[in-house]
Amino acid sequence: MTPQDTGLRTAIVLAKHLPPGVVANATAVIMGHLATRRPALYDAERLEDQSGNEHATIRDNVVVLTGRPAQVEKLAAAAREEGLLHAVFSDRGRSWSNEFEKYRAEVAASEAAQLEIIATGVTGPDPAVRALTKKFSYYA
């Protein structure tokens, strides 16, 4: 672990109108992607309790927030401007379930506004992520 891997925060912001199942799916997809880009989100060593259950080894704070769809898309642009690691998930992406090559082609040929961004995840230094996400509400 390097010094820049401590004191980090991850926020996943979803459009308010989404049903709970879509929220869960989009959150899992975004978190999985961010973890591939920043493996230090999780500790690589197993953590087992006395009963033999393996526990998730998340290292830093992760919050799930909601906002208006336009705000969710703008968050991605703000994270990009700040140089923070981020990822989006679109409503169009959801429609290509188990058809990754079609998904890849559509995303590569489209602007973000055409894809209907429904979730944005951003990870980085805690103060920077908090500054970008302070206007959003906790998912309830």
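Things to note:
- Percent of beta bridges antiparallel (DSSP, region 1-84, rounded to nearest 5): 20
- Anisotropy class of region 48-101 from Cα gyration tensor, a/c 1.5 cut: oblate
- Percent of Cα-Cα distances greater than 20 Å, calculated over region 27-116: 50
- Each helix, a run of at least 4 DSSP H residues, gives -39500 (n - 2.57); summed and divided by the residues of the chain, these come to -11500 deg cm²/dmol at 222 nm.
- Sum of side-chain charges, Val29 neighbourhood, beta-carbon under 14 Å (Lys, Arg +1; Asp, Glu -1): +2
- Gyration tensor verdict on region 3-79 (Cα atoms; rounded if a/c is under 1.5, prolate if a/b is larger than b/c, oblate otherwise): oblate
- Antiparallel content of DSSP bridges confined to the chain, in %, to 5: 70
All of the numbers you see were taken from the coordinates with simple rules; none came from a lab. A quick note: this is a predicted structure, and the numbers were derived from the prediction, not measured. Because the Cβ atoms are built from the backbone with ideal geometry, glycine has one as well, and the counts that use them run over all protein chains shown.
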